[in-house]
Amino acid sequence: MMIRSALAGSALAAVLAASAQAQVPAQAPGHSHATGAAHSPASAHAPGHAQSGDEAQVRAVVTAYKDAIERMDVSQTPALFWADSEIFENGGVEGSFAYYLEHHLGPEFADLASFDFRNHEMKVEVDGDTAFVSETYTYHITFKDSARAPIERRGAATSVLRKRGDEWRFDVYHSSARPFRPAA
């Protein structure tokens, strides 16, 4: 499992690096880009309609997870993760999603009054039965105990989703956050 994670992490890093370089697209032989056409890493390797259908399914899974967090109702989220998934958060190994849900995410929600994502952006790269996703966002948390100060953080998440059969689910999910510092 750790070897798979290391390989997935290396592959994700390579995709993100390639995505950064894709800001200035090189024209491959036999390919043309219409003047003014938007170029994005998500569409850079899309060979046809099936790819955009897979991308839409991946985006739906990631969005469903984000929406469940905002609703603070994670009862349906196990269906978004493969049983052998791995979760990493803020420099720590959380284990499978089932473990993360029971020992981390679930107990945290007991203390929260609200959880709101803001400025959410997502990039998706689909390569066969593997999808690489990067997200950036800020989030705002308030607590049931009004004596506790709200939390505002800037966050990022990277994930690998795998397609098994006709279904996309999270295989590896990593998120991190730091205190939000508004622009001066």
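The values are calculated or read from the model by the stated rules, or taken from the named source; none is laboratory data. Only a predicted model underlies this, so the values are computations on that prediction, with no experimental measurement involved. Backbone-built Cβ (ideal geometry, glycine too); neighbour counts: all protein chains shown.
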### Message
Just to be sure before I move on: is residue 165 of a type outside the set (Phe, Trp, Tyr), at pLDDT 95 or above and touching a strand residue (DSSP E or B) at 6+ places or on another chain (Cβ under 6 Å) in the structure I sent?
### Response
no
### Message
If residue 126 meets every condition in (1) in contact with a Pro (Cβ under 6 Å, 6 or more places away or on another chain); (2) buried (at least 16 other Cβ atoms within 10 Å of the Cβ) apart from one, which number is that one?
### Response
(1)
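State yes or no: is residue 106 surrounded by 12 or more Cβ atoms within 10 Å (Cβ to Cβ), over 17 Å from the mean Cα position of the chain (by Cα) and either at pLDDT below 90 or within 23 Å of residue 122 (Cα to Cα) (or both)?
Yes.
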### Task
Go through the residues of the range 155-174 one by one and say whether even a single one is surrounded by 12 or more Cβ atoms within 10 Å (Cβ to Cβ), more than 21 Å from residue 70 (Cα to Cα), in contact with a Gly (Cβ under 9 Å, 6 or more places away or on another chain) and of a type outside the set (Ser, Thr, Tyr).
yes
### Task
Go through the range 155-176 and count every residue that is assigned to a strand (DSSP E or B) and over 14 Å from the mean Cα position of the chain (by Cα).
3
### Number of the exception - residue 136 against (1) over 13 Å from the mean Cα position of the chain (by Cα); (2) of a type outside the set (A, V, I, L, M); (3) closer than 22 Å to residue 72 by Cα; (4) loosely packed, with under 14 Cβ neighbours inside 10 Å
(1)
### Summary
Checked the range 55-80 for anything in contact with a strand residue (DSSP E or B) (Cβ under 9 Å, 6 or more places away or on another chain) and hydroxyl-bearing (Ser, Thr, Tyr); matches are 63, 65
